[in-house]
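Read-outs throughout are calculated quantities, based only on the coordinates presented, and are distinct from any laboratory measurement. Being a predicted model, the structure only gives us computed values, none of them experimental. Please note: Cβ atoms are built from the backbone with ideal geometry, for glycine as well, and neighbour counts cover all protein chains shown.
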Amino acid sequence: MSGAHVQDVTTATFQKEVIEASAEVPVLVDFWAPWCGPCRSLGPVLEKLADEFDGQVRVAKVNSDENIDIARQYNVRSIPDVRAFRNGREVGAFMGALPERQVRGFIDNLLDAERLDRAEALIAQKRYDEAEALLKPLENSLDFQTRVAALKQALAFACAGGSEKDLQARVSTHPDDLDARLALAGAFASRKAWPEAMDQLLEIIRRNKDWKDGEAKRQLLNVFNLAADPSLVSEYRRKLASAIY
């Protein structure tokens, strides 16, 4: 073992050095054994990258022969077996002595996911400029394309602002004011009131499905991605189909 960001971990220290430590930065747990040839190849790669990423990730090396209980707990059957932990839970894994390029890609994706989690939290805290700055470098990411698009839409909804009460009054007085309905849907979505947001967008589609070249449908699909509730989304997909056809 070498480097400031790599340490040996045992069953006794796993809770503190992996589960609790992963609340600060992602922790890669390398299950290995001295007799394992591929482990001897992968170990230096992990140590090099841990130093290179300079504290953005940590590596915890677990000798699976000496720490059988923890290896069994995580169902380690073949080594090397690397598990990634963040905020106390497993968030990724790979097996075998992957080349440095692939291990680097694994860590990059782990950190990109971390950035997206941070952006989502910043949107909830109404720190919109900071969230936008985190999302911008990931706009062309193929691995996170759907989530980046969803978070950008959440940011757009949040930035749109507008008084929900005033918008509701406008819609009540003028039911065909589709701009007001769209703004109201955004207001609902900005506070994660997904059914209310979807109801407004569906009503626009029912009144004029081609309004603004299908803007309401596009926004509704964005809300489906944001809601991330399979049963709710399934229900509203059926309603969308009925509204269109």
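Overview of values
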{"quantity": "Shape category assigned to the stretch 161-244 from the gyration tensor of Cα positions, a/c cut at 1.5", "calculated": "oblate"}
{"quantity": "Among 142, 221, 184: highest mean-square fluctuation, GNM of the chain, C-alpha pairs under 10 Å", "calculated": "142"}
{"quantity": "Estimated FRET transfer efficiency (residue 166, residue 54; beta-carbon r; R0 45 Å; 0.05)", "calculated": "0.35"}
{"quantity": "Two-site label geometry, residue 77 and residue 207: point separation in nm, points 7 Å out along Cα→Cβ", "calculated": "5.7 nm"}
{"quantity": "Dimensions in Å of the chain - Rg and Dmax from alpha carbons", "calculated": "23.6, 76"}
{"quantity": "Radius of gyration and maximum dimension Dmax of the stretch 6-98, Cα, Å", "calculated": "11.9, 32"}
{"quantity": "Cα-based helix-to-principal-axis angle, 194-207 vs the chain, degrees rounded to 10", "calculated": "40 degrees"}
{"quantity": "Only Lys, Arg (+1) and Asp, Glu (-1) charged, at Cβ; the chain dipole about Cα centre in debye", "calculated": "760 debye"}
{"quantity": "MRE, 222 nm, helices only [DSSP H, n ≥ 4, -39500 (n - 2.57), over the chain, to nearest 500]", "calculated": "-18000 deg cm²/dmol"}
{"quantity": "Residues 5, 174 arranged by fewest to most Cβ contacts within 10 Å", "calculated": "174, 5"}
{"quantity": "Selected from 68, 204, 19 as most flexible by GNM, with the chain as the system and alpha-carbon contacts under 10 Å", "calculated": "68"}
{"quantity": "Burial ordering of 233, 91, fewest other beta-carbon atoms within 10 Å first", "calculated": "91, 233"}
{"quantity": "Cα long-axis angle, helix 145-160 against the chain (0 to 90 degrees, to the nearest 10)", "calculated": "50 degrees"}
{"quantity": "Which listed pairs, of 16/61; 136/217; 16/48; 126/212, have C-alpha distances above 19 Å, in listed order", "calculated": "136/217; 16/48; 126/212"}
{"quantity": "Relative compactness, the stretch 116-159, computed as alpha-carbon Rg over 2.2 N^0.38 Å", "calculated": "1.00"}
{"quantity": "Dipole axis of the chain (+1 Lys, Arg; -1 Asp, Glu on Cβ), positive-most option in 44, 32, 230", "calculated": "230"}
{"quantity": "Choice from 65, 51, 213 showing the highest fluctuation, given a GNM over the chain with Cα pairs closer than 10 Å", "calculated": "213"}
{"quantity": "Orphan Cys of the chain, criterion: no other Cys C-beta under 4.7 Å", "calculated": "159"}
{"quantity": "Gap separating the Cα centres of the stretch 55-109 and the stretch 17-41, nearest whole Å", "calculated": "5 Å"}
{"quantity": "Degrees between helix 215-227 axis and first principal axis of the chain (Cα, 0 to 90, nearest 10)", "calculated": "40 degrees"}
{"quantity": "Length-normalised contact order for the chain - Cα pairs under 8 Å, 6+ apart - percent", "calculated": "14 percent"}
{"quantity": "Value of relative contact order over the stretch 161-244, rounded to a whole percent, pairs C-alpha under 8 Å and six or more apart", "calculated": "23 percent"}
